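Values in this text are rule-based calculations from the coordinates and carry no lab data. Everything numeric in this text was worked out from a predicted model, so none of it was measured. Every residue, glycine as well, gets a Cβ built from its backbone with ideal geometry; the counts of neighbours run over all protein chains shown.
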Amino acid sequence: MYKESNNVVVKHLVNRLRDVRTASNEFRMTIEEISRIVASEALNDYPTVTHNINTWQGSLDVQMIEVQKLVLVPILRAGEPMLTGILKTLPYAKSGFLAMKRDEETAESKLFYENIPNLEDKTVLLLDPMVATGGSLIDGIDYLKSKGAKRIISLNVLGAPEGVKKVQDAHPDVDIFIAQIDERLDENNYIRPGLGDAGDRAFNTND
Ligand code: PRP
Ligand code: URA
């Protein structure tokens, strides 16, 4: 299943990302904000558990997200601001890391580093702003499945229809929550209209 956000604030923020005058600092903060909203949409029907808390009028049983069973995994580098944003909402979630780089000629992704906590009985929120050919996301999901993830939810900002379909075909059990699906993939495997290279925009390495 994939779900494109229909939140007007999300659409507004995605268009801030498209504007080349949006400098890296604002670009990262905007990715953080979009990610927090899309994560809220993704977790809307996530199971809750009863917690007993101490309120100003004594003890109370309340329903809370089972944060201990969530693992946030950004695909570095562009996924880093997504992690920073979601950790502001869910500061006690565990995090793991995948560092992948797409070969700009072949669009094949390569894994350079991983540090993934125990995924037994865990739901992973996999964080990557861009789904272009879908190759990086498919490889990331393959890897997390090989580590035993119980469920994987993909959170993304921009996708090309071709890439999103490829991910769905390869991993129909993974739910994709995405801020915006754009028109197409161009001849250089970039998303159009897109926003350019998300890692370069976020970390000021455009030139
Ligand atoms: C970008 C982006 C995705 C990937 C998407 O990362 O952040 O991870 O490309 O392309 P794909 O769907 O065709 O695989 P990149 O490899 O450029 O690394 P970066 O985050 O360090 O910029
Ligand atoms: N990676 C990006 O950052 N942007 C694209 O359009 C494609 C891959």
Could you tell me which numbered condition Ile34 fails, if it satisfies all but one of (1) of a type outside the set (S, T, N, Q); (2) in a loop (DSSP other than H, G, I, E, B); (3) farther than 18 Å from Asp121 by Cα?
(2)
Whether any residue in segment 40-51 is among the aromatic types (Phe, Trp, Tyr), touching an Asp or Glu at 6+ places or on another chain (Cβ under 9 Å) and away from ligand 1 (no atom under 16 Å from the Cβ) is what I want to check.
yes
Across segment 172-207, what is the number of residues that are in contact with a helix residue (DSSP H, G or I) (Cβ under 9 Å, 6 or more places away or on another chain), part of a strand (DSSP E or B) and either closer than 23 Å to Asn25 by Cβ or more than 11 Å from ligand 1 (Cβ to nearest atom) (or both)?
9
Among the numbered conditions (1) more than 9 Å from ligand 1 (Cβ to nearest atom); (2) over 22 Å from Asn44 (Cα atoms); (3) hydrophobic (A, V, I, L, M, F, W, C); (4) more than 16 Å from the chain's Cα centre (by Cα), tell me where Leu144 comes up short.
(4)
Return the residues of segment 112-149 that are in contact with a strand residue (DSSP E or B) (Cβ under 9 Å, 6 or more places away or on another chain) and charged (D, E, K, R); say none if nothing qualifies.
Glu114, Lys122, Asp128, Asp139, Lys145, Lys147
Can you name the strands (runs of 3 or more DSSP E) wholly within segment 96-171 that have at least 1 residues being away from ligand 2 (no atom under 14 Å from the Cβ), farther than 16 Å from Leu76 by Cβ and in contact (Cβ under 8 Å) with a residue 24 or more places away in the chain?
123-127, 151-159
